[in-house]
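Peer 1: Dropping a structure here in structure tokens format, bear with me for questions.
The values are calculated or read from the model by the stated rules, or taken from the named source; none is laboratory data. Note that the structure is a prediction, hence the values are computed from the model and not measured. Glycine also receives a Cβ, built like all others from the backbone with ideal geometry; neighbour counts cover every protein chain displayed. Quick note on the areas: whole protein, heavy atoms, side chains included, nothing else; ligands and nucleic acids left out. Shrake-Rupley method; radii C 1.70, N 1.55, O 1.52, S 1.80 Å.
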Amino acid sequence: GPTPLPRQPHPQPQPANPSTWCAAETPPHWTKARRPPAPEELLAIGQYIQRLLDWEVTDFAWIGKNIWAMIAKSEHDRAVLDHMLRFHPDFLDPLHLDGKNASIDVINARLGRIVLRDIVEDPDQDRRERAWVEMEYT
């Protein structure tokens, strides 16, 4: 009869995407523990913001961009922060309702405005309040 083929070891299946990862395997790089900013990191961010205010830098977009760079430690952090500022109802801006198509400058300014609320006067605050009233959202 025919000669049998030599036995080949079966290759180990490789996960096609992160959702197929098995806990028995060595965790891939994307499963490293994510942690919130440490207190000393938050203190450093606060001191940086205070220094910017001492230098009279009050551009919401610039401050938001710098806070974003310091607080987002990974691509996942950046994606979550971006999604939250664009779509979460707590962060709606009646002057820029289209979060999906908002520029990154608008999103950075939104973060800066949130952080500097009651510290730096928002020149568009009256327009925002009127827009909320017109939308009957108050």
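Peer 1: Restricting attention to region 55-72, report how many residues are over 22 Å from R35 (Cβ atoms) and open to solvent by 30 Å² or more (accessible area, probe 1.4 Å).
Peer 2: Of the residues in region 55-72, 7 are over 22 Å from R35 (Cβ atoms) and open to solvent by 30 Å² or more (accessible area, probe 1.4 Å).
Peer 1: Can you give me the number of residues within region 73-128 that are open to solvent by less than 80 Å² (accessible area, probe 1.4 Å), under 21 Å from W62 (Cβ atoms), assigned to a helix (DSSP H, G or I) and not basic (K, R)?
Peer 2: 15
Peer 1: Return the only residue of I63, I71 being aliphatic (A, V, I, L, M) and at pLDDT 90 or above.
Peer 2: I63
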